[in-house]
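The values are calculated or read from the model by the stated rules, or taken from the named source; none is laboratory data. This one's a predicted model, so the numbers in the text were calculated from it and none came from an experiment. A quick note on method: Cβ atoms are made from the backbone with ideal geometry, for glycine too, and the neighbour counts reach across all protein chains shown. These accessible areas exclude ligands, DNA and RNA; they are computed on the full protein's heavy atoms, side chains included. Shrake-Rupley method; radii C 1.70, N 1.55, O 1.52, S 1.80 Å.
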Amino acid sequence: MTTHPAAKVGFLIRLELKPDKVMEFEAQLGASLLEIDNEPGTTAWFAVRLGPTSYAVFDVFPDDAARQAHFEAGRKRLSGLANLLAVPPSMVRTDVIAAKLP
């Protein structure tokens, strides 16, 4: 199976928030999007709510170098969220096996 050349690898991050920190977290996600828009190697970035305090972020990249660059930039963003999280985030490096992009 072939995939889109701009979406070969990714990250899936699951986050569980403290109930009283949800609104602050969502505001910080919006601010993060502005930074991520300026990352040339980040092909697509999604933040989704899975439940009242459960979230996931999924992003894709054309190669490992772009994924690593995003990871380095994202470490600072994630460390700034530590006081909002109920448990440490769960992060998985992924390989994209199929993708549809505009």
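To the nearest 20 debye, what charge dipole does the chain have about its Cα centre, counting +1 at the Cβ of each Lys and Arg and -1 at the Cβ of each Asp and Glu?
200 debye
By how many degrees, between 0 and 90 and to the nearest 10, does the Cα long axis of helix 22-37 differ from the longest principal axis of the chain?
30 degrees
Under the rule of -39500 (n - 2.57) per DSSP H run of 4 or more residues, summed and divided by the residues of the chain, what mean residue ellipticity at 222 nm is obtained, to the nearest 500 deg cm²/dmol?
Value at 222 nm, helices only: -10500 deg cm²/dmol.
Per 0.36 nm of contour for each residue apart, how much would the distance between E24 and A82 grow if the chain were fully extended, relative to their Cα-Cα spacing?
Roughly 19.7 nm would be gained on extension.
Measure nothing but the geometry: give the 0 to 90° angle between the long axis through the Cα atoms of 64-79 and the longest principal axis through the Cα atoms of the chain, rounded to 10°.
10 degrees
With the radius of gyration and the Kirkwood radius both derived from the Cα set of the chain, what is their ratio Rg to Rh?
0.98
Cα-Cα over 26 Å: which of K8/K76; K21/K100; K18/K100?
Those over the limit are K21/K100; K18/K100.
Taking Rh as the Kirkwood radius computed over C-alpha pairs, what is the Stokes-Einstein D of segment 19-66 at 20 °C in a medium of viscosity 1.002 mPa s, expressed in µm² per second?
The Stokes-Einstein estimate is 180 µm²/s.
Which residue, A31, A99, P62, has the largest displacement toward the positive end of the dipole of segment 28-102 when charges sit on each Cβ (Lys, Arg +1; Asp, Glu -1)?
Among A31, A99, P62, the one farthest towards the positive end of the dipole of segment 28-102 is A31.
Give me the percent of accessible area attributable to carbon and sulfur for the chain, probe 1.4 angstrom.
Summing carbon and sulfur atoms, their accessible area is 61 percent of the total for the chain.
Can you work out ³J(HN,Hα) from phi for every residue in segment 82-89, in order, using Karplus 6.51 cos²θ - 1.76 cosθ + 1.60 and θ = phi - 60°, giving whole Hz and x for Gly and Pro?
These are the phi-based 3J(HN,Hα) values: 3, 6, 9, 8, 7, 9, x, x Hz.
Using a simple spin-label model with points 7 Å from Cα along the Cα→Cβ vector, what separation in nm is obtained for V92 and D63?
Each label point is offset 7 Å from its Cα along the Cβ direction, giving 2.6 nm.
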